[in-house]
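Read through the structure below, which is laid out as structure tokens, and then see the notes.
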Amino acid sequence: MHKHFILFFFLSVQLFATQYDSTVMAIEAKLFPKIALLEQHIKNDPLSMLQISIVAKELDLDEASAFKDKIMSNYPKKLGNKEIHIRLDTYETIRQQAVDMIIVLSNNNEELENIASWANQNHIVSFAYDSGHMKYGFLASIYIGKSTKPYINKDVMLKYNFIFDSYLLQLSKIYQ
Amino acid sequence: MLKTLISKFTFFFWLLFLVVTIPIYHYTTYHYLDFLKESEKEKITLTLNAVKPILAISISFDQQNQLENLLDSLLKHEDIQAIILKNNDNEEIFLKSKAIKNYIRIFEYTTSMIDPFSKEVIGVVTVFYSNKQLLRMESEIYFIVVSIFFFALIIFTITFLYIRGDLKALRMVSDSLNAYANKKVINPIVHFSKSTEVSTIANTTNTMLLSIDDYVEQLKIFNLELEDRVSKGIAKQQLQERMMIHQSRQAAMGEMLESIAHQWRQPLNIIGLATMSLETEFTLGIMQKQEFYDKMLIISNNINYMSDTIDDFRNFLNPNKDMQTFSPKKSVRDVLSIIDAQLKSNNIIYSIESEENILVRGVENEFKQVLLVLFNNSKDAVKELLHEKMIKQGILDISLKVRKNWVIIEVKDNAGGIKPDIIKDIFSPYFTTKAENNGTGIGLYIAKNIIETRMEGSISVENIDKGSCFTITLKLHKENV
């Protein structure tokens with residue numbers, strides 16, 4: 001019986017957990033902090049710390065943790081003059097935290113929309129793991145086409161007054 | 001070297017041309033092209049500095065495609081020939097170049113790229129750029145400069161040819177005047193100048209030369225007439241003078257005769273008394289031999305004296321006109337000896353004061369005639385004063401002295417002098433103060449004539465204390481110098 005329960009649990013976890021591409025994750029782990037740092041409010045923030053939150057369902061926390069590790073391996077000490085601090089949050093806990101940027105791994109449409117809305121209203125730079133989620137109001141993601149480029153949501157950027165370095169915008173793909 | 005107007009004009013004209021064009025060329029080639037080179041360099045630098053942050057951010061975001069696109073677009077610029085990106089380990093991240101032609105000069109500009117996050121140097125970008133555009137601009141500028149040069153050349157040449165036409169006409173005027181001045185040849189000026197001034201000068205010169213030629217012809221005729229009239233006048237004058245001289249000599253002869261009469265009166269009386277005494281004594285038979293010889297000696301001496309007087313007279317009237325060197329002192333003595341009796345009979349005493357060995361050149365008889373005129377004039381004037389008892393005795397002082405190369409002969413008397421209002425006229429012909437029949441008025445005129453024209457001297461008169469002083473100045477003969 002006990003064996004059956006463990007097998008069931010394992011199968012259900014495998015059944016409801018999302019599959020994340022490690023290559024995409026690696027690229028995003030490298031680029032997202034840099035994109036965030038090129039946002040003017042973060043860039044001009046006198047605090048020498050960049051607070052990042054990776055929001056994921058509990059089932060995806062391992063993936064989120066792997067994401068965190070990738071970021072930390074990219075920027076073990078500092079990125080520019082900012083020390084990077086990364087937290088792992090769920091949909092429920094994220095609203096209680098003070099963060100500079102969030103990376104959302106969720107695929108629940110309602111949650112995604114709410115998180116994006118909350119982040120924009122609080123002027124938090126929001127990144128979607130899946131560029132397809134940009135439509136929910138995330139500020140940025142990664143565009144993977146012939147080449148991989150930062151993907152910036154122009155409407156959100158303008159509506160919520162996010163200001164990016166012009167050079168970044170030049171090499172980015174604009175979502176609108 | 002630059003003597004003619006055309007050569008001066010040509011020289012300064014082309015000098016002006018060079019002065020205008022060379023600075024333009026110099027400024028364009030040295031300053032403007034340098035400026036362009038700097039400007040091109042600044043442009044490349046500016047472009048690269050503008051692109052540099054994008055390059056850096058592209059590297060930072062691993063945007064290889066973006067990087068390549070960007071650098072490819074840079075390479076499209078015709079002056080950018082190659083771009084090399086190197087990381088801090090000097091490894092080439094990117095290298096792209098065009099086929100560079102040999103004749104193109106390549107400049108190199110290297111700048112470092114700064115990471116936008118760490119602000120550290122992440123590599124260098126080197127751009128090799130050519131001056132193709134600059135060369136094209138240079139060519140265009142050279143073309144403009146050369147065009148300006150040739151345009152200026154054409155304008156200057158047209159102006160030069162136009163003005164040269166005027167100058168040529170002036171040159172023809174000059175040549176024509178020169179030909180007329182030197183060869184008396186009239187070369188009509190045929191010119192094509194359209195300038196009013198030059199045409200006027202050329203045409204006026206033509207007219208003027210023809211007029212001058214007419215005038216010259218008229219002048220020649222007039223000269224011939226004048227020469228004829230002058231020669232006739234001279235002949236008339238010479239005739240008149242000859243007549244005057246003749247008259248003068250006649251007068252002198254008259255005076256000489258009077259002198260001879262005076263000279264002969266005393267010896268004639270002596271001879272008369274001696275012959276009368278001889279006749280009486282011979283008639284009475286009391287004539288003694290010794291007394292006879294004595295009387296004959298007296299007669300003989302007086303006859304000799306009279307004969308000498310005749311010789312003096314004859315010498316004076318000697319027509320010899322040859323120039324000779326003579327002593328003026330001796331001439332004075334000779335003349336005084338002739339009129340000695342007259343002077344004495346008029347109670348006039350005379351004196352001669354002279355330096356020794358004075359010689360002058362001239363016709364002695366003519367000089368004596370001058371002296372005779374002066375002495376007789378003094379004698380006549382003294383005679384009048386004696387007659388009016390204004391003086392008791394006449395004085396005639398003659399002095400001869402040498403001053404440098406000149407002999408000064410002064411004849412002074414105490415005859416009261418000459419009235420100031422007539423003193424300037426006394427050497428004029430037919431001017432006399434003597435009573436009618438006593439003077440011809442030509443004596444002093446002839447005297448002046450002889451002294452000035454024949455002896456190249458001068459004669460003047462001035463009033464002195466009690467009379468007048470005639471001064472004759474003659475050249476001292478070289479042997480005495």
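Since every read-out is calculated from the coordinates, none of them should be taken as a lab result. What you are looking at is a predicted structure, and each value in this text was computed from that prediction instead of being measured. Glycine also receives a Cβ, built like all others from the backbone with ideal geometry; neighbour counts cover every protein chain displayed.
Key figures
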{"item": "For residues of B:161-171, the mean tally of beta carbons on other chains within 10 Å", "result": "0"}
{"item": "Quarter of Cα convex hull surface for the stretch B:322-480, i.e. mean projection, nm²", "result": "9.3"}
{"item": "Order by protection proxy (mean Cβ within 10 Å, highest first), peptides B:400-406, B:332-338", "result": "B:332-338, B:400-406"}
{"item": "Charge dipole magnitude, Cβ of K and R +1, D and E -1 - chain B, Cα centre, debye nearest 20", "result": "620"}
{"item": "Three-way shape call for the stretch B:5-162 based on the alpha-carbon gyration tensor, with the a/c threshold at 1.5", "result": "prolate"}
{"item": "Inter-label distance for B:Ser118 and B:Tyr430, nm, one decimal - labels placed 7 Å from Cα along Cα-to-Cβ", "result": "14.3"}
{"item": "Calculated FRET value between B:Ile158 and B:Glu78, using beta carbons and R₀ = 35 Å, to 0.05", "result": "0.25"}
{"item": "12 Å cut-off, amide nitrogen to a point 7 angstrom out along B:Arg136 Cα→Cβ, residues in the stretch B:36-79", "result": "B:77-79"}
{"item": "Three semi-axes of the equivalent ellipsoid, the stretch B:88-157, Cα gyration tensor, whole Å, largest first", "result": "45, 15, 7"}
{"item": "Average other protein chain Cβ within 10 Å of Cβ, residues A:167-173", "result": "6"}
{"item": "Prolate/oblate/rounded call for the stretch B:295-355, Cα gyration tensor, a/c under 1.5 rounded", "result": "oblate"}
{"item": "Mean Cβ neighbour count within 10 Å, used as a protection proxy, ranking B:213-220, B:26-33, A:134-141 highest first", "result": "A:134-141, B:26-33, B:213-220"}
{"item": "Rounded to the nearest 20 debye, dipole of the stretch B:322-480 from Cβ charges on Lys, Arg, Asp, Glu", "result": "160"}
{"item": "At q = 0.07, 0.08, 0.10 Å⁻¹, base-10 log of I(q)/I(0) for the protein assembly as shown (Debye sum, equal scatterers on each alpha carbon)", "result": "-0.79, -0.87, -1.01"}
{"item": "Percentage relative contact order, chain B, counting C-alpha pairs under 8 Å, at least six apart", "result": "9"}
{"item": "Computed over the stretch A:20-175: relative contact order in percent, which uses C-alpha pairs under 8 Å that are six or more apart", "result": "23"}
{"item": "Shielding by partners, peptide B:54-61 (average Cβ within 10 angstrom, other chains)", "result": "5"}
{"item": "J(HN,Hα) series, the stretch A:116-123, from Karplus relation 6.51 cos²θ - 1.76 cosθ + 1.60, nearest Hz, glycine and proline x", "result": "4, 4, 4, 4, 5, 5, 9, 6"}
{"item": "Per residue, the convex hull volume that the Cα atoms of chain B enclose (Å³)", "result": "382"}
{"item": "Computed [θ] at 222 nm, deg cm²/dmol, chain B (DSSP H ≥ 4; -39,500 (n - 2.57); rounded to nearest 500)", "result": "-21000 deg cm²/dmol"}
{"item": "Dipole magnitude of the stretch A:29-114, debye to nearest 20 (Cβ charges: Lys/Arg +1, Asp/Glu -1, about Cα centre)", "result": "620"}
{"item": "For B:Asn414, distant residues with modelled amide H under 5 Å away", "result": "B:Ile395"}
{"item": "Over the stretch B:351-440, relative contact order from alpha-carbon pairs under 8 Å, at least 6 apart, %", "result": "26"}
{"item": "For peptides A:126-133, B:270-277, sequence by mean Cβ density within 10 Å, most packed first", "result": "A:126-133, B:270-277"}
{"item": "Under 5 Å, built H, 5+ apart or other chain: amide partners of A:Tyr91", "result": "A:Ala56"}
{"item": "Gyration tensor (alpha-carbon) shape descriptor, the stretch A:20-175, a/c threshold 1.5", "result": "rounded"}
